[in-house]
Amino acid sequence: MPLFRAELRLAAERQGTPWRKWRNTFYIIEADAAGAADQCRNAWEVVLRNHCRSFVYAYEVYATDLVPNTSNYILMPVDTAFQRGNLAAGSDFYALEHCLAVSIAVPNSRPSRKFWRPGLLESDFVDGVFQNTTLRDSIIEDWNTMIANNANYDVDGEPWTSVLNVKQSIRRLGRTAPFDVPAGPGA
């Protein structure tokens, strides 16, 4: 079966106004693009949204194969009932450039790293250092569950084995992050 790139497309809003968008890319071995997109969407609905604030929402998944000169892709919406993160929003937003770097073990390769934006709050930090160990531990546990139950790989097609570490990081958003941000689902 081929390796597919699946982009989970996410956004955040402030006081009900769409604010920024970004994507997290996963690599999945699946029979077709629809299967890869469905697996990525299911990972959001069952695992990933459990440690995102409710002002963070996933709106669609784009999956494509990595074979040159083909057009094997699909764009799959996330059901409105499952778009928002499950954690309470809070009002003390921390800049979205601050995220959590999730390092994942890959045999015969360097660790894979995903920059995860759960919607960090000022209360997650003490003197500028991430201190929310409950959120960190939840991410480690949930991502390990996701890795055990799904066919997740790094860009070279090597399987993920487990989460090594979750730490504070800064990752700039792209230039187009504030443009054409899809509206979030109703509260």
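Derivation of every value follows stated rules applied to the coordinates shown; laboratory data play no part. Only a predicted model underlies this, so the values are computations on that prediction, with no experimental measurement involved. Every residue, glycine as well, gets a Cβ built from its backbone with ideal geometry; the counts of neighbours run over all protein chains shown.
Details
- Rounded to the nearest 20 debye, dipole of the chain from Cβ charges on Lys, Arg, Asp, Glu: 500
- For peptides 170-182, 147-159, sequence by mean Cβ density within 10 Å, most packed first: 147-159, 170-182
- Here the Gaussian network model covers the chain, with springs between Cα atoms less than 10 Å apart; of Arg49, Arg84, Arg110, Arg110 fluctuates the most.
- Overall form of the chain per C-alpha gyration tensor (a/c, 1.5; a/b vs b/c): oblate
- Inter-label distance, nm, simple model (7 Å from Cα along the C-beta direction), Thr176/Leu75: 1.1
- Peptides 74-82, 36-44 ordered by average Cβ neighbours within 10 Å, highest first: 36-44, 74-82
- In the range 3-170, a dipole from Cβ-located charges (positive for Lys and Arg, negative for Asp and Glu) runs towards its positive end, and of Thr161, Leu96, Val47 it is Leu96 whose Cα lies farthest in that direction.
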